[in-house]
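This report concerns only the one structure given below.
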Amino acid sequence: MDQINAFLHVVRLGGVGKAADALRLTQPAVTARIRNLEQTIGSALFSRGAGGMRLTERGEILLKYAEKFESLHDLMTRDIVAPDAMEGRLRIGVSETIAQCWLPELIARLHERYPRLEIEFNVDISINLRSALLNRALDLAVLLGPVSEYSAENVDLPGFELAWYVSAKAPECIVPADYLKRPVLTYARQTRPYRELRELLLERIGPDVAMFPSSSLSTCFRLVEADLGVAALPRALGNAHVARGTIREFDPGWIPGPLNFTATYLAEPRRTLAETAARLARDVAVEFADDKSDL
């Protein structure tokens, strides 16, 4: 399976280097697995030239069997191997909002179910998570979705309502809409929330609005608390700051739409572990949303 897995990664990712990165191996180690597989079969699987690595006729035939072998191995693992004996690695990528809300609970439940599984997680903006997932550098991405690719399977998650926040130090006699004359703290520049908020501010306020994008939601809240700007951020995160009395909500008459996330994995090749993690993410997200609605 190690040799077959290396072979499939080289085919899908287009080279030994990318396959090595995805498998967390050195390039010589991946090359050795391919050469050992070729020796077992007694035929070259790739033709190597200036244009890169291309499958030979025997390589094309092997690819069909390797994909069936991979699928059968996944089904065997799902149906036979006990969860507490499951080994391997699950690579998860999440958006900052998820990391700040229910990622710890997801990791805890995955570890409880699969105690021998290595869980690797990364926090990034959705555009980077999407690219990493499609390049097979991630097994599961929790991002602003859905991902519109034929190979991607999207599990819808509860959305996050946004609210406008201003420092508790700000004078309350100001007309709420005038707070938007201050710098607006928001999500990182290459994100959908940033783009949508920018379009709304241009339409409703004009081109003079100052926007300060950040990749850190906690930093945005701290800057609002320090009265250095206002922000439209998830209410699920803002409630705690409001309860402490450091910020308060205000209503300028409009608010950006909610943030809608999906737990997305690649359906081809099917990997039961990624599918299970996506369903578990949905369960955790629903419970988190229900708990917040009860507050």
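Every read-out reported here was derived from the displayed coordinates using simple, explicitly stated rules and does not represent laboratory data. Quantities reported herein were computed from a predicted structural model and do not represent experimental measurements. Glycine also receives a Cβ, built like all others from the backbone with ideal geometry; neighbour counts cover every protein chain displayed.
In region 1-73, Rg over Rh equals 0.93, where Rg is the alpha-carbon radius of gyration and Rh the Kirkwood radius from pairwise Cα distances. With the simple spin-label model, which puts each label point 7 Å out from Cα in the Cβ direction, the Ser218 to Arg113 separation comes to 2.7 nm. Does region 1-160 come out rounded, prolate or oblate, given a ≥ b ≥ c as the square roots of the eigenvalues of its C-alpha gyration tensor, rounded meaning a/c under 1.5 and, failing that, prolate meaning a/b above b/c? Prolate shape, in that a/c is at least 1.5 and a/b is the bigger ratio. Over all projection directions, the Cα-based convex hull of region 79-190 averages an area of 10.2 nm².
For region 131-221, the list of GluC sites (Glu not before Pro) that fall in a loop by DSSP and count at most 11 other C-beta atoms within 10 angstrom reads Glu172. Rounded to the nearest 20 debye, the dipole size of region 176-285 about its Cα centre is 300 debye, using +1 on the Cβ of Lys and Arg and -1 on the Cβ of Asp and Glu. Toward the positive end of the charge dipole of region 183-295, with +1 on the Cβ of Lys and Arg and -1 on the Cβ of Asp and Glu, the farthest Cα among Pro234, Ala267, Gly206 is that of Ala267. Eigen-decomposition of the gyration tensor built on the alpha-carbon atoms of the chain gives equivalent ellipsoid semi-axes of 46, 21, 14 angstrom, largest listed first. Contact order for region 206-289, expressed relative to its length and based on alpha carbon pairs under 8 Å spaced 6+ residues apart, stands at 16 percent.
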